[in-house]
There are 2 protein chains.
Amino acid sequence: MARTTDTDLAPHELRILVAVADAGGFSAGAVTLGLTQSAVSRSVRGSERKIGAVLFERGRNGARPTAAGEQAVAHARRVLRLLDVLVAEARGSVRSDAAREPEGPLRIAAFRSSALHLLPAVLQRLRERHPGIEPQVRIVRELGRGTAGEVADGRADLAIATLDGARLPAGLVVHGLFEESYSLVYPAGHPAPRALPLVDWAENCGSYTRAWWGAQDWIPGATIEAEDDGAVLTLVGGGHGMAIMPALSLVGAPDSVEITDLGPKRPTRRVGYVTTPELAGSAVVRALVRELRATSSAV
Amino acid sequence: MARTTDTDLAPHELRILVAVADAGGFSAGAVTLGLTQSAVSRSVRGSERKIGAVLFERGRNGARPTAAGEQAVAHARRVLRLLDVLVAEARGSVRSDAAREPEGPLRIAAFRSSALHLLPAVLQRLRERHPGIEPQVRIVRELGRGTAGEVADGRADLAIATLDGARLPAGLVVHGLFEESYSLVYPAGHPAPRALPLVDWAENCGSYTRAWWGAQDWIPGATIEAEDDGAVLTLVGGGHGMAIMPALSLVGAPDSVEITDLGPKRPTRRVGYVTTPELAGSAVVRALVRELRATSSAV
DNA sequence: CCCGATCCATGAGCCGTACTCATACCCCGA
DNA sequence: TCGGGGTATGAGTACGGCTCATGGATCGGG
């Protein structure tokens, strides 16, 4: 005798859950999937009945996941990804059992400076060795849950992240790659850089420089807030201030800025990668990690 | 415009793949699912078309998975399990946001001595703390791919395994729990135990004792092959031989045997657990691992 | 050698379900 | 009170998956 209620969620139902969560509403989710709002509404109700819990709180403007909904959506992303891997690997294993080339899309979330100054070399090596892999880099600001959050939510397969203890990506795989130092940057030839206003940007307000500043006997007179590290560098180059910036942001800095070491007690930050446990073993992620490590150890 | 070919496998299709692989044929798989052979045939063809690879070799009596089929079936089991976990955890998170009780089945593959002498204490603690979890222990001989193979193939959620480097469970999560020593066991009061025949059992032919034997200046005169470590202990207790056995197999050994340490260069083996990346983060597996570690560190 | 047994494949038809369209509902702000 | 975001729901349609029945291959035994 078959179970009276079919309890498992079909892939398209999972996709709908994810789309609704991402889009923030049934109607919006419907358009991203090319479906009708009606279909989405029915599907979500069906999923909720199967699970036995309300997954979305319907409100005036859109729908927001409940606690159970958050759970379900996060899991749904993983199931969908695992299904992709299933198909890709089974498809791949048709050619040769042992030495099979990793191939397929690889979604990378990276913070700005890593995407500009670390990833290009990595991806070039990756492309040379595994032309079948199609990396997709998305620049994500290292704010809030940061790049690791993209992985946690299933929107990326691997994140290049700064590893401060604050962000705790429970249940994710985290590995350090290298530690980089912060340096003082100021307009080339400026006689008294410390008198200049400090140029900072949102992502840099982390725990790294706080402690260092606390130990200094001088504080900057004024502070300028810039959009990102690139803008900071431009401002400093234009003579509008000085900044404390990590090495990655200073790769390829123009001649108009001068960089000086901050001495043995300078602030540092660790850069590493974050991925999900189930992807850590997949061929594509393994290939990328190998190149990441190789490139990073050369830095 | 929708994708012209629907590429994802529905749960029932995955279940059919698993059933066919388990039953060894389309017809046999059909009866285990309560379906028609016709339905199974169509479904498998559909899955093969979606994946783009032949998954089963149809033969005279039954069907056997191809290389791609093995891959697909192992993945299918894992996807199905992950779907179960999705539903269970989302259902569980309906009661309270923070303190949510893990619940649901938890399939454990363990080798004999660990199931007899390690797991009972672990499962008792687990039951006390998480009464909603339903552990199912299956004893698997540590031969071939061993208990870890059960996890790799999706037939168990967690394996208690001996961690010799030989078995390489690529893509799985492996953690050590403790290291245990081998001891010499012989009939109590026997004057010359080394003159007795060596009693051994199939699973013990691992790499652990090999090296040690090579360094010894004596070799046993005869060897008796027993079914498992329990039988070995009985034979030794009956005065029919002596044996080299790991500590777990010697828990609760009868008074009729005497155990002596083999000195500082005695052989040892590592015992640990193996699980899949996607389950490593699930509440049920996490709960079990916690008790495993707690119990093991007390050993 | 043919016969039956035992597999899988395939054609025809039924039925559930997942979609669309259209409409109803609900709540808020102007 | 009405309009404009949202979601829910009724009616009708299309497709996919199921069963039944049959066909085709392959082997072992009288």
Worksheet item: Which one of B:D217, B:D200 is in a loop (DSSP other than H, G, I, E, B) and without any contact (Cβ under 8 Å) to a residue 60 or more places away in the chain?
Response: B:D217
Item to complete: Among the residues of region B:261-283, write down those that are surrounded by 21 or more Cβ atoms within 10 Å (Cβ to Cβ) and part of a strand (DSSP E or B).
Response: B:V271, B:Y273, B:V274, B:T275
Discussion item. Please count how many residues of region A:24-62 are within 12 Å of DNA strand D (Cβ to nearest atom) and touching a Leu at 6+ places or on another chain (Cβ under 9 Å).
Written reply: 10
Discussion item. Quick check on region A:67-92: of everything there that is within 7 Å of chain B (Cβ to nearest Cβ) and among the basic types (K, R), which residue is farthest from the chain's Cα centre (by Cα)?
Written reply: A:R91
Worksheet, complete the sentence: Checked region A:161-195 for anything modelled with pLDDT under 90 and touching a Pro at 6+ places or on another chain (Cβ under 8 Å); matches are A:G171, A:L172, A:V173, A:P193, A:R194
Fill in: Filter pass, A:S181 being within 30 Å of A:A294 (Cβ to Cβ), surrounded by fewer than 18 Cβ atoms within 10 Å (Cβ to Cβ) and in contact with a strand residue (DSSP E or B) (Cβ under 9 Å, 6 or more places away or on another chain)
yes
Fill in: Every pair of residues 6+ apart whose Cβ atoms lie under 7 Å, when the first sits in region A:33-48 and is within 20 Å of B:E89 (Cα to Cα) while the second is outside any helix (DSSP H, G or I) and more than 7 Å from DNA strand C (Cβ to nearest atom)
A:V44/A:L55; A:V44/A:F56; A:S47/A:L9; A:S47/A:L55; A:E48/A:V54; A:E48/A:L55
Worksheet item: Of all residues in region A:46-91, how many are within 22 Å of A:A28 (Cα to Cα) and among the acidic types (D, E)?
Response: 3
Item to complete: Please work out if B:E258 is in a strand (DSSP E or B) and modelled with pLDDT under 90.
Response: no
Fill in: Residue in region A:20-39 that is farthest from DNA strand C (Cβ to nearest atom), counting only those that are surrounded by 18 or more Cβ atoms within 10 Å (Cβ to Cβ) and under 20 Å from A:A67 (Cα atoms)
A:A21
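The values are calculated or read from the model by the stated rules, or taken from the named source; none is laboratory data. Quick caveat, the model's predicted, so the values are computed rather than measured. Here the Cβ is made from the backbone with ideal geometry for all residues, glycine too, and neighbour counts use every protein chain on show.
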